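Worksheet: the structure to be examined is printed underneath.
The values are calculated or read from the model by the stated rules, or taken from the named source; none is laboratory data. Please read these numbers as outputs of a predicted model, since none were measured by experiment. Neighbour counts run over all protein chains shown; Cβ positions are idealised from the backbone, glycine included.
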Amino acid sequence: MHEVLLERAAERDLKALARTVYDRVVSHLKALSHNPRPAGCKKITGSCSDWRIRIGDYRVIYEIDDRAKVVKVMRIRHRLLTCPLMAASRGPSRNPANQVKFLVDANFPPRLCVWLRSQRHEAEHFFDRNLLTATDTEIWERGRLESLVIFSRDTDFYDRALLYGAPPQIVHVAVGNCSNARLFSVLTSEWDDIEQALVSGCRLISITLEKMEVFA
């Protein structure tokens, strides 16, 4: 039998649920103690210990430590994130499977490109483009000319996106010095909403361990 623990972000997610949804989610969380890999659960790509289950319109992202007999719940999120941008698209939609092209900052591992490709997107690392010594201005201009989505931890790209808008679009990930497994877990929990925001034409997506913000 496993002990089920909730991280702070998951506690906040749980408290924000409507009572009827709350009771249903709690019931499923308790059931994880007896069976942490229930029917319908999915292992998160790029991780050895992180899993996802769906409870109606909600997703629960959690980590299993069989040795310690612990299930750690990281997020409980609705499958669609409500934000102003989703209500009105800023132009024609595009097919993310065919048209989103990511350029991944040197601060992220090349395997992130592999993960992004597994989501049916194109992705290249700074290393692949010989951009490891390029300036932020040169990278921004490359992204602008090719209408790329720059995946970065660099606050300079965050500031430029707010100031100049798209293209390029920026996905700014500020999750500290977390493990690759945790990085992929955070991205997986938010991925549907990230794709929808990019398709809608947003200039900037900011992701932390606590929340995701979309800037039109």
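Summed over segment 1-26, residues that are in a loop (DSSP other than H, G, I, E, B) and either without any contact (Cβ under 8 Å) to a residue 40 or more places away in the chain or among the hydroxyl-bearing types (Ser, Thr, Tyr) (or both) total 2.
Pull up segment 64-81, narrow it to residues that are of a type in the set (D, E, K, R) and modelled with pLDDT under 85, then point me to the one that is surrounded by the fewest Cβ atoms within 10 Å (Cβ to Cβ). Step by step, filter segment 64-81, then rank; the result is Arg79.
The C-beta contact set for segment 177-188 (first residue under 13 Å from Val60 (Cα atoms) and in contact (Cβ under 8 Å) with a residue 40 or more places away in the chain, second residue crowded, with 17+ Cβ neighbours inside 10 Å and hydrophobic (A, V, I, L, M, F, W, C), distance under 6 angstrom, 6+ apart or interchain) comprises Ser185/Ile44; Ser185/Ile61; Thr188/Ile44.
Quick one: is Phe151 of a type in the set (A, V, I, L, M, F, W, C) and not in a helix (DSSP H, G or I)? Yes: the conditions hold for Phe151.
Just give me the residues in segment 27-57 being surrounded by 13 or more Cβ atoms within 10 Å (Cβ to Cβ) and either part of a helix (DSSP H, G or I) or in contact (Cβ under 8 Å) with a residue 40 or more places away in the chain (or both), in sequence order. Hits for segment 27-57 are His28, Leu29, Ala31, Leu32, Ile44, Thr45, Gly46, Ser47, Ser49, Asp50, Arg52.
Scanning segment 149-182 for residues that are surrounded by fewer than 23 Cβ atoms within 10 Å (Cβ to Cβ), aliphatic (A, V, I, L, M) and more than 30 Å from Trp51 (Cβ to Cβ) gives Leu162, Leu163, Ala166.
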